[in-house]
Structures are given as C-alpha cells and as structure tokens.
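Since every read-out is calculated from the coordinates, none of them should be taken as a lab result. Predicted model, so just to flag it, every value in this text is computed and none were measured. Heads up, the Cβs are rebuilt from the backbone with ideal geometry, glycines too, and the neighbour counts pull from every protein chain shown.
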Amino acid sequence: MSNGIEPVGVDADYVVRMAQELIRIPAENPPGNCMDVADRMLTELKSLGVDRIETHEFEPGMPNYIIQTGDGGDGGHLVIGGHMDTVPVHPDEVEAWQVGPFSGELRGDEIWGRGAADMKGALASTLGAFKALRDNQISLPGTLTWVLLSDGEHGDQHGAQALADRGILKNLGGDMVLYTESTSNNIIRSFKGRVFFEIKVRGRSVHVSVPEKGINAIEKMAKIIGAFRAERLGVEPDPFLGRSTLAFSTIKGGSAVNVVGGRCSATFDVRMIPGQTSTGVMATLNGIIDELKQDDPEMDAELGIIPSGAREVTEIAENEPVVRLMERVIPSVRGTPNTFLPGIESPGALRLFIQNGIPGVFFGPGEFISEAHLPNERVPTKNLIEGAAMLATAARAHCSGVGH
Ligand SMILES: [Zn+2]
C-alpha cells in the first residue's frame, strides 16, 4: 500500500524464537520478579549493539530500564513502552491449559503460553524491531527509547508509577509512545474511566411494630437505587466505548430482623466515557438526591467518592501525530488499515506517560479480548512478525523526521 512509508523487513524466525524463549522464563505477578526475563533481554539487546541502557530498580527483583538508540539530534523521539511481567497461572487454571503454560509451544502458526499475547510476544516484536534497524543499517537521526517495565500487571507501583513519581518519565522528552498491550496491531486511543461511590442513608430505628414512628433507611435506599440509572448520567453513547454504566455492587443495612433499619449504605461503580468526569458524575447524582429530597423531606443521604477509586477517561485525539503516524505505518506493513478498538480495560501505565507529556496509544500484537490473561493464551506468529515490522517502520519514519 503506497502512502509514502516503506515497510522495514524483519527477521521473522528471530521474532518467533524470542517470543518462545521469553515465554519460557516465568515472570508471574504476583510476586512480580522480572530479573530472569530482564537478564535475557538485556543480553539480547547488547548482542544487537544496543548498549545505552539505564537501570531503575526501586524494589528488589523489579527492575525498569530506559533503553535508547539513535543519534539524539534532528528527528523525532519515539518511545515504545512495555512490561515484562505477566498475570500468574492460577493452580485451578492449569487443567484448562492444552499445553504447558510456560512451554512457548509453536502449534501451527500460533505460539502458546502465558504472556504470548500480554506481552512477552510484544517484547519479542520490539527486540525484532531493534534487530531490523541494525540488520538494515538504519541509523536514526532522532531517538528511539524503549521503556521496559516491571509491575505492569499489578498496579505499576514499582514500575511506571515509580518512574513517574521521580520525574523520570517527564524528563524523557519523548514525542509519543506506543504502549505494546495487545491490540492485534491496531490502535486503542480512548479508555473508559471509572469511579467508585459510596452512599450512606440515615434514618431512625424503631421497633418493627410501629414503623410509622421511625424512618426506614432501607426503604430510602431503595428509592435511590431506583433513581440512579445510567440513562440519567446525561451523556450520549461513545462510538468506540459505548455507554456509560452504573452498577450497584454492595449493600448493608439495619441491625436486626425486628428493628426498622436506621442505617443503610451501598457502593456502586460508574464507568465513564468521553464527556464525563468523576466530579461531573458526582454533581449529577447529587442533583438526583436533591430531587428525591424535595419529594421526601425525610430523605437524608450522603454521597462520596471512595478514595483511590477514581480514574478519569483517557483519550488521545484522532489527529494526534501518534495516531496519524500509525495510520500510515499499519497499512504499509499488512496492507489493511488500522481499526480503532475500544479501551474497555484500564490504560495502565499508558496513563502515566500521557500525564507526563507523552501522548500515546495501545498498539501491539496479540488479541486482548480473546487471548490475554486466559488459559491457552496464544498469539499468531504473523501478528508478532508484523508487529515487529510496524515498530521498526514507525521508528524509521518518526525518528528521521518523516512522521512529524
Ligand atoms: Zn499487559
């Protein structure tokens, strides 16, 4: 497909072999020790002549690396981000596996094993991209940085969050980031947000034989639950992310079977789409409570956001340079265009890059919904090889200035 970008050729056998090797080195999180897989990758990078490697280890066994190549002069600065750890293989999941979860077995045209899709496969593709730049003697006038992280599957505390807290992400100065979560080499540029709420209703307990003398907090809560509908959050469905949702998750109330419930509390979750913020949702819901109070003066309810439960919507505009670059790179390699996928899950570490001035997207081999985190996780080799070619092609285009 001619769009001004020539694809970079990659060593397909190398990408497949590296994916198998990396799957065979467990890095389950928890506990999250990435030392062995990191050692293997660093040895590989050094043998490819990549030796500008900075280590940041804040928790023993959970190293993070800033790996760079290129002349650092005129030309763009592309960042690739990835995590080395995987979700664990639970004991009750082992029976469901058709292969050893750490076998890295090649079956037909797929590689199987924990991390095949999320994201040992993508790490192999990234190594393949570095190798392709070397094999094709492509020198980059700008900079290519690989931020290789620990703790990507367990909250990023010792990985991207630690780098962000110390100003290391901000000081990178990258133009854009490709965070290699599995998207079948497509782009995810918008992610739902979420906020956890608690609502408390106060009433007055009396003996159940004289309910009219009390205030039944449980009945008041029932009114609130009836009124808190997702449709009332006042936002149109998003073309990629679908609807905003509101779901009650826990409820507690009352003290005994023969006492009118004087207290009731409940928690619920709101998934937000572009156009919504946690404070905006809070205001809308408080407005609904005010309406209920007008009808019922005995309604005494207090709404609060559960601390640490709020994560705002993450969205990168369609005309951001990173999106425009990949919309040219993807078809140049595979002959079919990018498809925007919905970010239903958390943007994870990508959010921290964006907050530190590096706009980015999810882009990587493997299919998230059907493959990641599940028994029989696997990835088509074609997807890994194309992913490697796309990363190398993106690096050449952007770090030479073409992608600007
Ligand atoms: Zn992941």
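For segment 236-293, give the magnitude of the charge dipole about the Cα centre (Cβ charges: +1 Lys/Arg, -1 Asp/Glu; no others), in debye to the nearest 20. Working shown, then result.
Numbers: 5 positive and 5 negative charges, 59 e Å.
Roughly 280 debye for segment 236-293.
Which percent of the Cα-Cα distances in segment 254-404 go past 24 Å? Provide the component values of the computation, followed by the final result.
Details: 6279 of 11325 pairs.
So the pairs more than 24 Å apart make up 55 percent of the total in segment 254-404.
When only the Cβ of Lys, Arg, Asp and Glu is charged (+1, +1, -1, -1), the dipole of segment 68-202 relative to its Cα centre reaches about 500 debye. Across segment 219-233, computed HN-Hα scalar couplings (Karplus, 6.51 cos²θ - 1.76 cosθ + 1.60, θ = phi - 60°) run 5, 5, 4, 4, 5, 5, 4, x, 8, 7, 9, 4, 4, 8, 6 Hz from first to last residue, x flagging Gly and Pro.
Quick one: dipole size for segment 188-245, taken about the Cα centre, charges +1 on Lys/Arg Cβ and -1 on Asp/Glu Cβ, in debye to the nearest 20. Walk me through the numbers on the way to the answer.
Values: 12 positive and 6 negative charges, 34 e Å.
The calculated dipole for segment 188-245 is roughly 160 debye.
Projecting the Cα atoms of Pro359, Gly262, Pro239 onto the charge dipole of the chain, computed from C-beta unit charges around the Cα centre, puts Gly262 farthest toward the positive end. For segment 314-365 versus segment 256-313, the inter-centroid distance based on Cα atoms is 34 Å.
How would you rank Lys192, Lys46, going from fewest to most other Cβ atoms within 10 Å of each one's own Cβ? Could you put the intermediate results ahead of the total?
Numbers: Lys192 27, Lys46 11.
The fewest-first ordering by Cβ neighbours comes to Lys46, Lys192.
Maximal additional length on extending the Ile305-Thr267 stretch stands at 12.7 nm, based on 0.36 nm per residue less the C-alpha distance. Between Met35 and Thr339, the contour length at 0.36 nm per residue exceeds the alpha carbon distance by 105.9 nm. Taking the centroid of alpha carbons for each part, segment 27-91 and segment 228-246 are 38 Å apart.
The mean sequence separation of alpha-carbon pairs under 8 Å and at least six residues apart, normalised by the residue count of segment 249-346, gives a relative contact order of 18 percent. Here the spin labels are modelled as points 7 Å beyond Cα on the Cα-Cβ line, and at Gln355 and Ala283 they lie 2.3 nm apart. Projecting the Cα atoms of Ser184, Pro30, Ala164 onto the charge dipole of the chain, computed from C-beta unit charges around the Cα centre, puts Ala164 farthest toward the positive end. Estimated from the Cβ-Cβ distance and a Förster radius of 30 angstrom, the FRET efficiency linking Gln294 and Ala256 is about 0.40.
If each residue's Cβ is checked for other Cβ atoms within 10 Å, how do Ser400, Ser190, Ser139 rank with the fewest at the top? Walk me through the numbers on the way to the answer.
Values: Ser400 18, Ser190 23, Ser139 13.
Ranking Ser400, Ser190, Ser139 by Cβ neighbours within 10 Å, fewest first, gives Ser139, Ser400, Ser190.
Ranked by how many other Cβ atoms sit within 10 Å of their own Cβ, fewest first, the residues His207, His373 fall in the order His207, His373. Among beta bridges from DSSP that stay inside the chain, the antiparallel ones total about 75%. Taking Lys and Arg as +1 and Asp and Glu as -1, the other residues whose beta-carbon sits under 13 Å from that of Ala124 total -1.
Projecting the Cα positions of Ile330, Gly348, Gly309 onto the charge dipole of segment 276-361 (unit charges on Cβ atoms of Lys, Arg, Asp and Glu, taken about the Cα centre) puts Ile330 furthest along the positive direction. Spread over its residues, the convex hull of the C-alpha atoms of the chain is 154 Å³ per residue. How much net charge surrounds Gly309 when only the other residues with a Cβ under 10 Å from the Cβ of Gly309 are counted, with Lys and Arg +1 and Asp and Glu -1? Summing Lys and Arg as +1 and Asp and Glu as -1 gives 0.
The Cα-based radius of gyration of segment 103-232, divided by its Kirkwood radius, gives an Rg/Rh of 1.27. At q = 0.26 Å⁻¹, what base-10 log of I(q)/I(0) does the Debye formula yield for segment 106-177 when every alpha carbon is treated as an equal point scatterer in vacuo? With one equal scatterer per Cα and no solvent, log10 I(q)/I(0) is -1.19. 3J(HN,Hα) couplings calculated from phi for segment 181-192 with the Karplus curve 6.51 cos²θ - 1.76 cosθ + 1.60 (θ = phi - 60°) are, in sequence order, 6, 6, 9, 6, 6, 10, 10, 10, 10, 9, 10, 4 Hz; Gly and Pro show x. In order along segment 103-115, the Karplus-derived 3J(HN,Hα) couplings, from 6.51 cos²θ - 1.76 cosθ + 1.60 at θ = phi - 60°, round to 7, x, 5, 8, 10, x, 10, 10, 9, 10, x, 4, x Hz, and Gly and Pro are given as x. In this simple spin-label approximation, Val94 and Asp135 carry label points 7 Å from Cα along the Cα→Cβ vector, and these lie 3.8 nm apart. For the chain, the relative contact order works out to 28 percent when only alpha carbon pairs closer than 8 Å and six or more residues apart are counted.
Checking a compactness column here: for segment 30-174, what do you get for Rg(Cα) / (2.2 N^0.38 Å), N being the number of residues?
This ratio for segment 30-174 stands at 1.13.
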